[in-house]
1. Given the condition crowded, with 17+ Cβ neighbours inside 10 Å, out of contact with any Lys or Arg (no Cβ under 8 Å at 6 or more places or on another chain) and not hydroxyl-bearing (Ser, Thr, Tyr), answer yes or no: does some residue in segment 1-9 qualify?
2. So which residues in segment 20-31 are at pLDDT 95 or above and either farther than 21 Å from Glu72 by Cβ or open to solvent by 60 Å² or more (accessible area, probe 1.4 Å) (or both), if there are any at all?
3. In this structure, does Val42 turn out to be under 19 Å from Val9 (Cα atoms), open to solvent by 60 Å² or more (accessible area, probe 1.4 Å) and not charged (D, E, K, R)?
4. Output the qualifying pairs, or none if there are none: Cβ atoms under 6 angstrom, residues six or more apart or on different chains, first residue in segment 28-41 and over 19 Å from Tyr71 (Cβ atoms), second residue part of a helix (DSSP H, G or I) and open to solvent by less than 60 Å² (accessible area, probe 1.4 Å).
5. Show me the strands (runs of 3 or more DSSP E) entirely contained within the chain in which 3 or more residues are of a type in the set (S, T, N, Q) and more than 9 Å from the chain's Cα centre (by Cα).
6. Among the residues of segment 45-74, which ones are closer than 16 Å to Leu4 by Cα, without any contact (Cβ under 8 Å) to a residue 24 or more places away in the chain, open to solvent by 70 Å² or more (accessible area, probe 1.4 Å) and of a type in the set (A, V, I, L, M, F, W, C)?
Amino acid sequence: NNVLNLRSVPCPLNVVKCKLALQKLDLSGVLLVELDLGEPEVMVKQSLEKEGYKCKIIKREKDHIVYSVAYEHF
C-alpha cells in the first residue's frame, strides 16, 4: 500500500520522508501523500515538482490534503 501519512510532520521533514518513500517505488509507481494544509502542502508540492514528479490533488479536507504523486515521464 503506497500511502504516506505526513499529517503533523513539520517542514522540511515531510519533504525528506516523501522523497525517501518515492525512491522505493519504481518509476511507474504512484504514492498517495496526506499533508496538513498550508506550508507542508506547498513545500512538498514545489520540491517534488522540481524533481520531475506530478502532484495531483485527490482529496481536500478542511485541515489536510491528499496528493497523488507520480514520476512525470518525458
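1. Filtering segment 1-9 for residues crowded, with 17+ Cβ neighbours inside 10 Å gives 4, 6, 9.
Going one step further and asking which of them are out of contact with any Lys or Arg (no Cβ under 8 Å at 6 or more places or on another chain), we end up with none.
No, there is no match, as no residue in segment 1-9 is crowded, with 17+ Cβ neighbours inside 10 Å, out of contact with any Lys or Arg (no Cβ under 8 Å at 6 or more places or on another chain) and not hydroxyl-bearing (Ser, Thr, Tyr).
2. Scanning segment 20-31 gives Leu20, Val30.
3. Numbers: under 19 Å from Val9 (Cα atoms): yes; open to solvent by 60 Å² or more (accessible area, probe 1.4 Å): yes; not charged (D, E, K, R): yes.
When the stated conditions are applied, Val42 passes them.
4. Note: pairs meeting the criteria are Pro40/Asn14.
5. Working: elements: 3-5, 30-36, 53-60, 64-71.
Where strands (runs of 3 or more DSSP E) fall fully within the chain, none carries at least 3 residues being of a type in the set (S, T, N, Q) and more than 9 Å from the chain's Cα centre (by Cα).
6. Ile57 - this is the single residue of segment 45-74 that is closer than 16 Å to Leu4 by Cα, without any contact (Cβ under 8 Å) to a residue 24 or more places away in the chain, open to solvent by 70 Å² or more (accessible area, probe 1.4 Å) and of a type in the set (A, V, I, L, M, F, W, C).
The values are calculated or read from the model by the stated rules, or taken from the named source; none is laboratory data. Keep in mind it's a predicted model, so treat the numbers as computed, not measured. Glycine gets a Cβ as well: all are built from the backbone with ideal geometry, and neighbour counts include every protein chain shown. Note: areas computed on protein heavy atoms with side chains; ligands, DNA, RNA excluded. Shrake-Rupley method; radii C 1.70, N 1.55, O 1.52, S 1.80 Å.
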